[in-house]
Amino acid sequence: RFASRFVLWLVPFGLYAASPFATAWILREAIKEGHTPTIDRLIDWDRVRPTLRASMTSLALNRPIAASLIDDANASPPAATGWWQRFKGYLGASAVDQLIERYANAQGLPQLFTYGQTYRRIVQGHQEPEKTLANLPERFRAFWSRIRHVEFLTPTLFEIEMEDKFDPTRRYTGIFTFTEWRWQLTGLYVHTEANPLGRYARIAAARHPLER
């Protein structure tokens, strides 16, 4: 009887622990299919855009990503940097702003995904397999194999880091927050092996050292 009760108590916790993975999978499929209502429901764009801008600006300026997140993401490069490097940095930051403005929304993200598919099909000869129930286990296995780190930072804050499907040196770290009875993507960071993000928990602690 005790074992049965223990299992009954354990099941809800197991479902809750699996729920952010399910949300990440549903969001991935919605982006591929261009299902904008689902994308809007699962992404808090007002919170995602600044994190995406900060990380992509770091890549454009070729500086450690953690520094840009702890400091102002729009800060200029160090004063010791030459004027040509600064000029290229400003151009890079401007390009990032335009990219975020155009594609960091429910309509633009699927469009960007489609552009990538078209480029890989025409230039690289890579054809994405058709989505079917038969290949669902294989698609999920491929999705799972690219996960590099997962962590519940708090009971309502979840971090997942994934490797890019076509560039193993590029990583994406998503921060999901449980709010209004669902998980939402509230942070998205793009980083590389050259300028890695590191663990989000340590960065958050560095930004807000008095918060516990």
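The values are calculated or read from the model by the stated rules, or taken from the named source; none is laboratory data. In this text, all values refer to a predicted model and were calculated from it rather than measured experimentally. Positions of Cβ are generated from backbone atoms using ideal geometry, with glycine treated the same way; all protein chains shown enter the neighbour counts. Just so you know, the surface numbers come from the protein's heavy atoms only, side chains and all, with ligands and any DNA or RNA stripped out. Shrake-Rupley method; radii C 1.70, N 1.55, O 1.52, S 1.80 Å.
Within region 42-54, residues that are more than 20 Å from Thr192 (Cβ to Cβ) sit with their Cβ atoms under 7 Å from residues that are surrounded by 16 or more Cβ atoms within 10 Å (Cβ to Cβ) and not hydrophobic (A, V, I, L, M, F, W, C), at 6+ positions apart or across chains, in these pairs: Leu42/Thr23; Leu42/Gln184; Ile43/Gln184; Asp44/Gln184; Asp44/Thr186; Trp45/Asn105; Arg47/Thr186; Arg47/Gly187.
Going by the conditions given, is Asp97 open to solvent by 50 Å² or more (accessible area, probe 1.4 Å), over 27 Å from Ile147 (Cβ atoms) and at pLDDT 60 or above? It is true that Asp97 is open to solvent by 50 Å² or more (accessible area, probe 1.4 Å), over 27 Å from Ile147 (Cβ atoms) and at pLDDT 60 or above.
May I ask you to verify whether Ser58 is of a type outside the set (Phe, Trp, Tyr), in a helix (DSSP H, G or I), surrounded by 15 or more Cβ atoms within 10 Å (Cβ to Cβ) and at pLDDT below 50?
On the way: of a type outside the set (Phe, Trp, Tyr): yes; in a helix (DSSP H, G or I): yes; surrounded by 15 or more Cβ atoms within 10 Å (Cβ to Cβ): yes; at pLDDT below 50: no.
No; evaluated as a whole, the condition is false for this residue.
Looking at region 147-176, which of its residues are in a strand (DSSP E or B), closer than 19 Å to Phe113 by Cβ and open to solvent by 60 Å² or more (accessible area, probe 1.4 Å)? Across region 147-176, the qualifying residues are Arg170, Tyr172.
Only one of these is assigned to a helix (DSSP H, G or I) and either of a type outside the set (D, E, K, R) or open to solvent by less than 50 Å² (accessible area, probe 1.4 Å) (or both): Tyr189, Tyr115. Name it.
On the way: Tyr189 fails: assigned to a helix (DSSP H, G or I).
None of the others qualify; the one that does is Tyr115.
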